[in-house]
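Here the structure is laid out as structure tokens; the discussion comes afterwards.
The values are calculated or read from the model by the stated rules, or taken from the named source; none is laboratory data. Nothing here was measured: the structure is a model prediction, and the numbers come from that model. Positions of Cβ are backbone-derived with ideal geometry, glycine not excepted, and every protein chain shown enters the neighbour counts. Just so you know, the surface numbers come from the protein's heavy atoms only, side chains and all, with ligands and any DNA or RNA stripped out. Shrake-Rupley method; radii C 1.70, N 1.55, O 1.52, S 1.80 Å.
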Amino acid sequence: MITVNDIAVEFGGTTLFSDVTFAINENDKIALMGKNGAGKSTLLKIVAGENKPSRGGISAPSDAVIAYLPQHLLLNDDSTVMEEASKAFAAVLGMKAEIDDINEQLTIRTDYESDAYMKLIERVSELSEKFYSIEEVNYEAEVEKVLKGLGFEREDFTRKTSEFSGGWRMRIELAKILLKKPDLILLDEPTNHLDMESIQWLEEFLITQAKAVMVISHDRAFVDNITNRTIEVTMGRIYDYKAKYTDYLELRKDRRVHQQKAYDEQQKFIADNQAFIERFRGTFSKTEQVQSRVRMLEKIVPIEVDEVDTSALKLKFPPSPRSGQYPVVVEELSKSYGDHVVFNNASMVIERGQKVAFVGKNGEGKSTMIKAIMKEIGFNGGKLEIGHNSQIGYFAQNQAALLDGEATIFETIDRIAEGDIRTQIKNILGAFMFKGDDIQKKVKVLSGGEKTRLAMIKLLLEPVNVLILDEPTNHLDMKTKDIIKDALKDFDGTLILVSHDRDFLDGLAEKVFEFGHKRVREHFEDIKGFLAYKKMENLKEIEK
């Protein structure tokens, strides 16, 4: 059992949270929830041993293995994928190498009576007891099984990690964590860089093979499928529910109803007594009663109602300038990188005002097609036309990372705002939950969700009629995702959406382009219709 004991985090005179205590038991699958900036990632880092709390601490058995996957990481690029993943077994393989080395020494040494010889025997006995108590494993086969589950092909195993994008390198790190079979797995937004097939594989692994898990994720279906407990971080404290996310939402609603009732009753009690004190202050016959009530009010502990995040994003896209009838026309387009064919003879017609989804496994060409539409890359054959007066707004997967970390939130928007909109910058930032002194924060200290919101504001400041969003919901909390989804439903331009977020696509895209097997297939249905046509039960299977 791993215990979090009375931890507090304070910085710059502000308390992020205090007196946080809870235990993590074997087979607990915990969702760590709370709005952006509540302290979820900070708490996860403290449990991982990456950060130190201002007060309190973590206690765990000496042999407990805790593995942590952060949102962002750096890998050594000198290794192949197989070599990097195999580092999960470095301790076990190191033990085996040391046993072999000592045994070799024992066969050639002749100082049988010496202390050094006896120490070698003791050491090899200790190591052998540990090593042979570990279940015999075919390490190469284990590495291969996990890598393939996370979407790698056999030919990828010998490629250098430097050849892969940040998302794929994140998968390599995730593979190392899963191979270690830790007592506690800590995951911060693990699905952001996984396609749906890999998410499904990870869900199955965490449910059937992992011990304790604590996860931060804005993928509602993923959280619901894997967790049996929810810890909410709010207003500097935690609430612990023995329930999965959907059930927790109902329990939280009940909690706030009871809090509000108790708060209202307390406020009435305080008001009644204050009225009595004001009325009879200075009345000699009531002096004792007045003083008694003053003392009573001084002792009252105020009831707090946990914040309901009412800072709703009032997100509205500007009216779109009218484009031509066909903003994007692709005819028999082909794209290759050397011998690797991404897609062949791909054709698509996207009409003005349509909302379409690109779906398919990672690496099948969704982002490549977008880059071709954006004229960021060339192609090997075919034709691609952007229609008359098409004004494109593009939100790339790494859009948040492209922000200037040294600029403040206000400066980031002030640099690009033009005309009358300049007088509205503070209002716009406020609508996106950046209020008061927050707007003077530097971008580099913002959370992933805050950076994504800021990048979205930049996109909104210029009217566009073709909006291309490549994984826009990564790092966004569920409330913000719902608000952006509602705004996109009302967007009067053309929308091209790449997303593996199952809930986000549902009810938004009216047509689907399926990327796979070096082809692009057009489906004239929404996501539900597409699933029915493919005889699939849920969005998890889209990319299988």
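Got a number for residues in the range 39-97 being among the aliphatic types (A, V, I, L, M), modelled with pLDDT of 90 or more and assigned to a strand (DSSP E or B)?
So the answer is 3.
Counting residues that are of a type outside the set (D, E, K, R) and more than 29 Å from the chain's Cα centre (by Cα), which strands (runs of 3 or more DSSP E) fully inside the range 492-532 reach at least 1? Outline the logic, then answer.
Values: elements: 494-498, 511-516, 519-523.
Answer list for the range 492-532: 519-523.
Every residue, every condition in (1) touching a residue at least 12 places away in the same chain (Cβ under 8 Å); (2) within 32 Å of the chain's Cα centre (by Cα), yes or no:
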site: Glu129; (1), (2): no, no
site: Ile134; (1), (2): yes, no
site: Ala141; (1), (2): no, yes
site: Glu144; (1), (2): yes, yes
site: Leu147; (1), (2): yes, yes
site: Leu150; (1), (2): yes, yes
site: Asp156; (1), (2): yes, yes
site: Glu163; (1), (2): no, yes
site: Ile177; (1), (2): yes, yes
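So how many residues does the range 225-247 have that are at pLDDT below 90 and touching a Phe, Trp or Tyr at 6+ places or on another chain (Cβ under 7 Å)?
The qualifying residues number 2.
If you go through the range 55-67 one residue at a time, do you hit one that is among the aliphatic types (A, V, I, L, M), more than 30 Å from Lys160 (Cβ to Cβ), in contact with a helix residue (DSSP H, G or I) (Cβ under 8 Å, 6 or more places away or on another chain) and surrounded by 17 or more Cβ atoms within 10 Å (Cβ to Cβ)?
Yes, the range 55-67 contains a residue that is among the aliphatic types (A, V, I, L, M), more than 30 Å from Lys160 (Cβ to Cβ), in contact with a helix residue (DSSP H, G or I) (Cβ under 8 Å, 6 or more places away or on another chain) and surrounded by 17 or more Cβ atoms within 10 Å (Cβ to Cβ).
Scan (1) within 29 Å of His500 (Cα to Cα); (2) in a helix (DSSP H, G or I); (3) open to solvent by 40 Å² or more (accessible area, probe 1.4 Å) for the single condition Arg352 breaks and write down its number.
(2)
A quick yes/no check of all residues on (1) at pLDDT below 90; (2) among the β-branched types (Val, Ile, Thr); (3) not in a strand (DSSP E or B):
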residue	(1), (2), (3)
Leu297	no, no, yes
Ile303	yes, yes, yes
Glu307	yes, no, yes
Ala312	yes, no, yes
Gly324	no, no, yes
Val329	no, yes, no
Leu333	no, no, no
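Please verify whether Pro472 is assigned to a loop (DSSP other than H, G, I, E, B) and either hydrophobic (A, V, I, L, M, F, W, C) or at pLDDT below 80 (or both), treating the condition exactly as stated. Give the steps one after another, and end with the answer.
Working: assigned to a loop (DSSP other than H, G, I, E, B): yes; either hydrophobic (A, V, I, L, M, F, W, C) or at pLDDT below 80 (or both): no.
Spelling it out, it is not the case that Pro472 is assigned to a loop (DSSP other than H, G, I, E, B) and either hydrophobic (A, V, I, L, M, F, W, C) or at pLDDT below 80 (or both).
Using the structure shown, decide if Leu459 is part of a helix (DSSP H, G or I) and either under 30 Å from His340 (Cβ atoms) or open to solvent by 10 Å² or more (accessible area, probe 1.4 Å) (or both). Can you show your working first?
Numbers: part of a helix (DSSP H, G or I): yes; either under 30 Å from His340 (Cβ atoms) or open to solvent by 10 Å² or more (accessible area, probe 1.4 Å) (or both): yes.
The answer is yes for Leu459.
Among helices (runs of 4 or more DSSP H) lying entirely in the range 181-284, which contain 2 or more residues that are of a type in the set (Val, Ile, Thr) and without any contact (Cβ under 8 Å) to a residue 24 or more places away in the chain?
245-280
So which of Arg229, Arg171, Arg159 is out of contact with any strand residue (DSSP E or B) (no Cβ under 8 Å at 6 or more places or on another chain) and of a type outside the set (Gly, Ala, Ser)?
It is Arg171.
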